[in-house]
Amino acid sequence: MNWPLKKKTNGDGTSNGHIIEMLGITKVYNTGKIKVEALKGIELVVDKGEFVAVVGPSGSGKSTLLNLIGCLDTPTGGSYMIGGEAVAGLDRDALADVRNRRVGFVFQNFNLLPQLTALENVELPMLFGGVGRRERRRRAVEHLERVRLGDRVEHRPTELSGGQMQRVAIARALAMEPDIVLADEPTGNLDTGSGSDVMSLLSELWGQGRTLVVVTHDQTLAKRAGRIVEIRDGLVVTDRRAVA
Amino acid sequence: MTSFGSFLRQLGRDLWSQKLRTFLTAFGIIWGTVAVSLLLAFGNGLHRHMIKTTAGLGDRIVIAWTMRTSMIFEGLGKGRRMRMTEEDIEYLKAQVPLIAGISGEYSENLIARFGDRQRSVEVSGVSPAYGPMRNMVPAVGGRFIDQLDVGQRRRVVFVGNELAEDLFGTLDAVGETVMIHGSPFLVVGVLQPKEQDSSYSGRDHSKMIIPESTFRALTGQKYVNNFIYKAPTPDLNKALNEQVRVALSSRLRFHPDDDQAIQVWDTSEMFVFMDAFMLGFTVFLGIMGVLTLVVGGIGVSNIMNVVVEERTREIGIKIALGARGRAILGQFMLETMILTAVGGGVGLAISFAICSIFPTNLEEYVGLPNLSPGLALLTASVLGLVGLVAGYFPARDAARLDPVVAMKL
């Protein structure tokens with residue numbers, strides 16, 4: 001298999017340091033006769049190493065935005081570059097490769113495969129990415145140890161607590177060493193204790209130089225981010241950088 | 001593909017985690033395979049049995065005998081008894097080039113005696129060509145009447161297998177001397193057992209065959225009871241029958257259009273009928289079989305559809321993690337193919353088992369089921385095709401799922 005996308009990337013992913021570059025992004029859902037304009041022209045640039053929290057009321061379009069950033073969906077209009085790569089016009093397979101190589105997802109409901117062990121769940125993206133068996137195993141174990149689950153490698157999701165499951169999900173998101181980690185309400189299904197564990201982990205990742213975009217209602221989580229982007233009715237209304 | 005091993009492992013686990021579903025799917029395929037392969041095997045067995053028993057009388061031969069004329073001809077009245085001698089047989093052989101083999105047959109009930117056993121036996125005097133034409137194959141260690149026997153008027157006899165058992169018991173008949181009509185005859189061959197479902201003067205297994213020259217000398221009989229002949233290929237039999245009648249009409253002097261003087265039983269017509277019948281039968285069985293498999297395929301397709309629905313979320317997650325459509329498609333196709341292959345294999349094994357334990361004493365009625373490798377291969381490939389088609393559509397649906405929607409389910 002060849003991976004044409006990887007060819008254009010250099011050391012820091014892009015020439016200008018922008019991991020995400022969105023210009024005039026619109027998204028219209030066409031459900032029969034009714035057209036719903038979820039995003040009306042998003043301008044968003046995220047640089048390497050940023051920790052961005054996307055906040056806003058329900059139905060404001062934050063999840064849609066996250067799906068677009070993660071290439072789970074394609075915008076109706078506007079231009080989107082991820083790691084210097086234009087997403088428009090990519091076919092399904094190419095989008096799948098972008099998701100596999102550049103993006104790591106963390107979901108509110110974890111989305112682990114119940115029949116697989118923690119280790120196999122972390123291996124999954126590497127399986128799709130064509131990483132060899134031994135390398136896959138080595139890296140999966142390494143990532144699980146990094147999220148302090150080195151002793152839960154052979155456990156199934158049903159044998160883990162919510163916080164542990166989310167940490168497995170984070171290890172999985174990091175498995176392919178993506179340009180960016182995307183999290184959709186990562187603490188939404190967790191109790192306060194587990195939630196703060198996950199928050200610390202995310203902050204830790206930021207500290208290691210990773211780029212994070214987190215959609216959240218959770219004010220405590222948002223405050224940990226270096227930058228808060230507020231979305232309302234499909235538009236960016238405020239974009240504040242915390243004073244370090 | 002480097003990940004093929006783990007791919008298979010995951011597949012095995014998926015299938016194992018849904019034992020009932022897997023079992024039901026495989027069962028449908030097994031059932032279909034058993035039904036199809038047994039249908040075909042029994043049909044094939046029956047066909048072979050019918051050919052065998054029909055061929056027991058002879059291999060597409062014509063059996064002919066003389067009767068009375070039914071038309072006046074050149075000043076001769078009708079109702080004259082027609083008779084044929086060995087010279088007439090020789091005449092036909094020389095005059096009709098289409099004849100591939102011909103033999104007169106003289107027969108009479110004679111007393112055969114061996115030791116203290118004495119039987120009344122239908123004895124026929126024939127030419128060497130008679131044996132192959134009537135499918136009289138000598139058992140190992142024996143031979144049929146040959147040209148030398150006829151030329152030298154030897155007292156040799158070829159004995160039907162059941163009669164041989166009756167007269168000689170466990171003794172090897174070949175080499176023994178048996179008294180026929182008061183004269184000693186040397187047994188030169190015993191009939192290899194064969195199936196025979198039609199005859200004109202008793203079953204071959206209870207007959208004795210001696211050279212026609214010897215027969216005439218022994219009994220004083222001058223005229224043939226009947227004669228048999230065949231064309232090089234069965235489709236020429238009709239033309240040959242006509243030629244034989246015309247040739248005989250000039251020699252025996254009866255009207256060329258008189259169809260009563262010579263009676264003809266063309267056994268190739270039985271084969272024509274049988275082939276037509278079996279073709280219809282096989283087509284019928286084939287359609288039944290294909291329908292069975294199609295129904296099985298619909299079942300598999302349905303189950304795979306349910307599987308896709310059940311696993312929509314899982315597929316969504318995999319797509320979100322960067323699985324290409326091909327990987328999803330491949331998984332489902334492979335799953336179906338494995339189920340089909342395993343089901344088909346088990347089904348074929350069961351069919352083979354049933355065929356091999358089929359009671360042989362039923363052979364006389366329906367023949368032995370014959371599951372040929374070709375049939376098995378055909379069944380397997382039809383199954384593979386069914387599996388492919390049955391797996392493709394659910395798999396395509398799965399690969400096209402929108403991950404955002406799929407994961408929310």
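Read-outs throughout are calculated quantities, based only on the coordinates presented, and are distinct from any laboratory measurement. Since the structure is predicted, the reported quantities are computational estimates derived from the model, not experimental observations. Reconstructed Cβ throughout: ideal geometry from the backbone, glycine too, with neighbour counts over all protein chains shown.
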* Of the conditions (1) crowded, with 18+ Cβ neighbours inside 10 Å; (2) among the β-branched types (V, I, T); (3) within 14 Å of chain B (Cβ to nearest Cβ), A:V52 clears all except one; give me its number. => (3)
* Asked: Got a sec? Which of A:S79, A:S58 is more than 9 Å from every other protein chain (Cβ to nearest Cβ), part of a loop (DSSP other than H, G, I, E, B), over 30 Å from B:G12 (Cβ atoms) and not basic (K, R)?
  -> A:S58
* To do: Quick one: in region B:210-226, of everything that is in contact with a Lys or Arg (Cβ under 8 Å, 6 or more places away or on another chain) and surrounded by fewer than 17 Cβ atoms within 10 Å (Cβ to Cβ), which residue is nearest to B:M82 (Cα to Cα)?
  => B:Y223
* Structure fact -> The correct count of residues that are within 34 Å of the chain's Cα centre (by Cα), within 28 Å of B:R245 (Cα to Cα) and aliphatic (A, V, I, L, M) in region B:88-128 is 9
* **Hits in region A:90-107 - residues which are under 18 Å from A:M126 (Cβ atoms), more than 7 Å from chain B (Cβ to nearest Cβ) and either of a type in the set (V, I, T) or more than 14 Å from the chain's Cα centre (by Cα) (or both)** => A:V98, A:V103, A:V106
* Structure fact -> Within region B:240-263, residues being within 15 Å of B:I102 (Cβ to Cβ) and surrounded by fewer than 17 Cβ atoms within 10 Å (Cβ to Cβ) number 1
* Which residue pairs have Cβ atoms closer than 7 Å, lie 6 or more positions apart in sequence or on different chains, and pair a first residue in region B:230-254 that is small (G, A, S) with a second residue that is assigned to a helix (DSSP H, G or I) and surrounded by 15 or more Cβ atoms within 10 Å (Cβ to Cβ)? -> B:A231/B:N237; B:A231/B:L240; B:A247/B:L92; B:A247/B:Q95
* **Of all residues in region A:124-170 being charged (D, E, K, R) and touching a helix residue (DSSP H, G or I) at 6+ places or on another chain (Cβ under 6 Å), the one that is farthest from the other protein chains (Cβ to nearest Cβ)** => A:R152
* Taking only region A:175-197 into account, find how many residues are surrounded by fewer than 21 Cβ atoms within 10 Å (Cβ to Cβ) and closer than 13 Å to A:R99 by Cα. => 1
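So which residues in region B:315-326 are surrounded by fewer than 20 Cβ atoms within 10 Å (Cβ to Cβ) and facing chain A (nearest Cβ under 7 Å)? Please lay out each step first, then the result.
The initial filter retains those residues of region B:315-326 that are surrounded by fewer than 20 Cβ atoms within 10 Å (Cβ to Cβ), namely B:325-326.
Correct list: B:G325 only.
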* To do: Determine if region B:341-363 includes at least one residue that is in a helix (DSSP H, G or I), touching a His at 6+ places or on another chain (Cβ under 9 Å) and away from every other protein chain (no Cβ under 14 Å).
  => yes
* To do: Look at B:G296 and say whether it is touching a residue at least 60 places away in the same chain (Cβ under 8 Å), closer than 23 Å to B:R48 by Cβ, outside any strand (DSSP E or B) and not hydroxyl-bearing (S, T, Y).
  => no
* Asked: For residues in region A:113-123 being more than 8 Å from chain B (Cβ to nearest Cβ) and touching a residue at least 40 places away in the same chain (Cβ under 8 Å), which is surrounded by the most Cβ atoms within 10 Å (Cβ to Cβ)?
  -> A:V122
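Is it the case that some residue within region B:353-363 is surrounded by 16 or more Cβ atoms within 10 Å (Cβ to Cβ) and touching a residue at least 40 places away in the same chain (Cβ under 8 Å)?
Start the filter on region B:353-363 by keeping residues that are surrounded by 16 or more Cβ atoms within 10 Å (Cβ to Cβ), which leaves B:354-355, B:358.
Now narrow it down to the ones that are touching a residue at least 40 places away in the same chain (Cβ under 8 Å): B:354-355.
The answer is yes, given that some residue of region B:353-363 is surrounded by 16 or more Cβ atoms within 10 Å (Cβ to Cβ) and touching a residue at least 40 places away in the same chain (Cβ under 8 Å).
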* Taking B:T312 as meeting all but one of (1) within 17 Å of B:R400 (Cβ to Cβ); (2) in contact with a Leu (Cβ under 7 Å, 6 or more places away or on another chain); (3) buried (at least 21 other Cβ atoms within 10 Å of the Cβ); (4) more than 8 Å from chain A (Cβ to nearest Cβ), write down the number of the exception. => (3)
* Asked: When region B:274-286 is examined, which residues are found to be under 14 Å from the mean Cα position of the chain (by Cα) and either outside any helix (DSSP H, G or I) or exposed (fewer than 12 other Cβ atoms within 10 Å of the Cβ) (or both)?
  -> B:A276, B:L279
* List the number of the failed condition for A:L68; all other conditions in (1) more than 9 Å from chain B (Cβ to nearest Cβ); (2) part of a helix (DSSP H, G or I); (3) within 17 Å of the chain's Cα centre (by Cα); (4) surrounded by fewer than 22 Cβ atoms within 10 Å (Cβ to Cβ) hold. => (4)
